Amino acid sequence: MPVTDPTRPDAPPATLDVARVRAEFPILAETINGRPLAYLDNAATGQKPRATIDAVRRYYETTNANVHRGVHSLSVAATDAYEGARDRVRRFLGAADIREIIFTRGTTESINLVAQAYGRPRLGPGDEILITHLEHHSNIVPWQLLCEQTGATLRVLPIDDRGALVVDRLDDLLTERTRIVAVGHVSNALGTVNPIDAIIERARAAGAVTVIDGAQAAPHGPVDVQELGCDFYALSAHKMFGPTGVGVLYGRRDLLEAMPPYQGGGEMIKSVTFDGTVYNALPHKFEAGTPNIAGVVGLGATIEYLESLGWDAIEAHERHLLDDATEKLGTLPGVRLIGTAPEKIAVVSFVVEGIHPHDVGTILDHEGVAIRTGHHCAQPVMDFFDVPATARASFALYNTTDEIDALVQGLQRVMEVFG
Amino acid sequence: MISDLADLYQEIIVDHGKRPRNLRVIDVANRTAEGFNPLCGDRVRVYVQVDGERLADISFTGSGCAICTASASLMTQFLKDRDETAAHETFEQFIAVVTGQTDDEDTLTALGKLAALAGVRKYPVRVKCATLPWHTLEAALQDTDNVVSTE
Ligand SMILES: Cc1ncc(COP(=O)(O)O)c(C=O)c1O
């Protein structure tokens, strides 16, 4: 039974009732190849709780209309649901102003928006953009494109052999030429939690704007963008157990105000004549066209559900999973862990001696264990560790130590096959 | 299901995956091409020394999964000393078998040891691992030294 704090009767439980949580995620009851599914590919996408699925269905069944444009009751209800979700996201991110929350298609689009609407008009030859060696391709390629377009130069903060950033190198990499610092909060390939507070502080002192890729952090807890002091923060709903096709960009209001729109169309304008167009106010200026209304409503319901479980309880459970998986895989002969930074979320990347990750993945799938094998859209990380790919088990609130045992047994089977 | 897995990782595939034959560079190769599967990072380079019509020597280098490595290894063994027309014909038969387009006994017999890779047809995401060396060979024989990609 979950334990409640007697001094705070309304506070969420301090421990997670995992069996009850699992019952809320219908897909976890699926069998794969006749075996119970052990879904350990959460860094790719999270599974969806009933609260999310129901909210999306209920929205379509009772509320569906276009937002911000009708006077009829359904349109008002749809707008309320959509804007209500925006406020919930605002609180999740600790933003002061609801106008600072922009809905996008995902982290990828959020980062591209910043690169094109903030970076492109401002950067030129001689300017520098600093990223890190740990980044997902979606926090690399938009900056490479921007460099091509503006003549700016890309710089890369290195990692050490544990997969942790070498923050000391900011001394020489962060200069008065640095205009943008774009860093992942958590690495999807290795699970490293980056010291973004320190990096943001340094970047701000150097006069650079900070863009945080929060895709892998959001599934594990809320953030406080004001405390962090970042200028932009991006996330994807689908990684945090919400619907696919929805992302968020937090942006500091004064920066967003000064930026031109990213796309043109309906919703983002105040008035259009053939002589010119007056753009809509924030956040609508950056939300051209009909948004993914049902998806946004689903994201709001997802956050509400996660909050009801209690983030501290979720975090404690995930820490337990990380420790258990690190211990069991780390002591398995023939298995080498890739990424052993001191600060990690529950992601364990590994290679099995002499056996390609793809073969590992296929055999584990037979045992019902779903993991990711490949380069995880982070080829520079693979190059650093001199492996073409890794196998990656990534855990979420609903995973259990039994599933880690299933993974270990699956790996023993892998070694049998390749004996 | 378990038997599918045994079908995929037959002894001969595990053996060639672990101890690939003809894994070397041919310095005097007059045809070569590189193949890449961005999905899993499989990378092979195929070398052929063509002497008239005959594939006098054939080898490969690279790193990949067991299926890809075994496929490349078995391919080089099978094609050595055959002529180009036969190589092309085998390519077509092999692709037809591993993509599940044919179950024809004569075709399977003609493929000899290569038929061991037929089990891959049950694994759509792995078919490309088996076909990558062959597509790379085709590119080499056409003398287009471009990188072949499965995507
Ligand atoms: C760290 C990181 N950044 C960005 C992304 C891109 O997210 P999306 O594909 O949802 O836009 C991902 C997801 O793969 C990720 O893990």
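Miscellaneous remarks
- Minimum 50 Å² accessible area buried by the other protein chains, region A:348-366 residues, probe 1.4 Å, relative to alone: A:His356, A:His358, A:Asp359, A:Thr362, A:His366
- Of all complete DSSP H helices in chain B, those with a Cα span along the helix axis of 15 Å or greater and a mean Kyte-Doolittle hydropathy of -0.5 or more are B:66-79, B:84-98, B:127-141.
- Counting only DSSP beta bridges whose two residues both lie in the protein assembly as shown, roughly 65 percent are antiparallel.
- Under 27 Å of direct C-alpha separation, and excluding same-chain neighbours fewer than eight residues apart, A:Lys344 reaches these lysines: A:Lys48, A:Lys239, A:Lys328.
- On a per residue basis, chain B carries 44 Å² of accessible surface, using protein heavy atoms and a 1.4 Å probe.
- Lone cysteines, the protein assembly as shown (no partner Cβ under 4.7 Å): A:Cys147, A:Cys230, A:Cys377, B:Cys40, B:Cys65
- Qualifying aspartates and glutamates (Cα of each under 16 Å from Cα of A:Lys270; at least 8 residues distant if same chain): A:Glu257, A:Glu287
- Ligands, DNA and RNA are left out, and with a 1.4 angstrom probe the accessible area of region A:324-419 is 33 Å² per residue.
- Solvent-accessible area, 1.4 Å probe, carbon plus sulfur percent, for the protein assembly as shown: 50 percent
- Per residue, the solvent-accessible area of region A:31-138 (1.4 Å probe, heavy atoms of protein chains only, all protein chains present) comes to 41 Å².
- For A:Ala44, net neighbour charge (Lys/Arg +1, Asp/Glu -1) across residues whose Cβ lies under 12 Å away: +2
- Buried on complex formation within region A:399-419 (loss of at least 50 square angstrom of accessible surface versus the isolated chain, 1.4 Å probe, ligands and nucleic acids ignored): A:Phe418.
- Other-chain or far-sequence residues with amide H under 5 Å of A:Gly94's (modelled H): A:Val225
- Members of region B:22-62 that become less accessible by 40 Å² or more once partner protein chains are added (1.4 angstrom probe, chain alone as reference): B:Cys40
- Eligible aspartates and glutamates near B:Lys128 by straight Cα distance, threshold 16 Å, same-chain separation 8 or greater: A:Asp359, B:Glu34, B:Asp42, B:Glu92, B:Glu138, B:Glu151
- Put simply, the amide H of A:Arg105, placed in the peptide plane, has neighbours under 5 Å in A:Ser110, A:Gly247, leaving out anything fewer than 5 places away on its chain.
- Solvent-accessible area buried by pairing A with B, both sides, nearest 100 square angstrom, 1.4 angstrom probe: 1500 Å²
- Using the rule -39500 (n - 2.57) for each DSSP H run of four or more residues, divided by the residues of chain A, the 222 nm mean residue ellipticity is -10500 deg cm²/dmol.
- Hydrophobic, long helices, defined as DSSP H runs whose alpha-carbon span along the helix axis is 15 Å or greater and whose mean Kyte-Doolittle value is at least 1.0, occur in chain A at A:293-309.
- Placed amide H near B:Leu55: partners under 5 Å, 5+ positions off or other chain: B:Asp81, B:Arg82, B:Asp83, B:Glu84
The values are calculated or read from the model by the stated rules, or taken from the named source; none is laboratory data. Computed from a prediction, not measured in an experiment: that's the story for all the values here. When we count neighbours, we look across all protein chains shown, and the Cβ atoms used for this are built from the backbone with ideal geometry, even at glycine. Protein only, heavy atoms only, side chains kept; ligands, DNA and RNA dropped before computing areas. Shrake-Rupley method; radii C 1.70, N 1.55, O 1.52, S 1.80 Å.
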